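Have a look at the structure below, then the notes.
The values are calculated or read from the model by the stated rules, or taken from the named source; none is laboratory data. Note that the coordinates shown come from a computational prediction; the quantities given were computed from them, not determined experimentally. Here the Cβ is made from the backbone with ideal geometry for all residues, glycine too, and neighbour counts use every protein chain on show. Surface areas here come from the heavy atoms of the whole protein model, side chains and all, with no ligands, DNA or RNA. Shrake-Rupley method; radii C 1.70, N 1.55, O 1.52, S 1.80 Å.
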Amino acid sequence: MLHKSTVKTLIMMVLVISTLSLADEGYEEVKRLTESGAILPFEDLLPTIQALQPGRILELELEREEGDYIYEIEILDEQGAVWEFKVDAATGEILERELED
């Protein structure tokens, strides 16, 4: 029997995979970047993001901005508010966290 937290993590990973939009980069390129270590796998960053902002991931994109790879994440919190995060995909640094209008 799986522990409740393990089940929650697995469900979140499925949600992340199903909502991943490869805005600027194709799947094969993202796979190559992850395997080469150029970017961190999103699932490695998820616990930190969820600790800062619990909720359901609505959207996940990987974009390239000024030469840097950025994960853009939208999270729906328990009150129905949507939060947007921008995270440096190479370092995991949270660059921006804001409440959407």
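The lone criterion from (1) modelled with pLDDT of 90 or more; (2) out of contact with any Phe, Trp or Tyr (no Cβ under 6 Å at 6 or more places or on another chain) left unmet by residue 13 is number (1). For region 19-28, the count of residues that are of a type in the set (S, T, N, Q), modelled with pLDDT under 85 and surrounded by fewer than 16 Cβ atoms within 10 Å (Cβ to Cβ) is nonzero. Among the residues making up region 82-101, none is loosely packed, with under 13 Cβ neighbours inside 10 Å and either among the small types (Gly, Ala, Ser) or touching a His at 6+ places or on another chain (Cβ under 7 Å) (or both). For region 29-78, the set of residues classified as open to solvent by 60 Å² or more (accessible area, probe 1.4 Å), touching a Gly at 6+ places or on another chain (Cβ under 9 Å) and over 18 Å from residue 93 (Cα atoms) consists of 78 only. For region 51-93, a residue qualifies if it is β-branched (Val, Ile, Thr) and under 24 Å from residue 35 (Cβ atoms), and the qualifying residues are 57, 70, 73, 87, 91.
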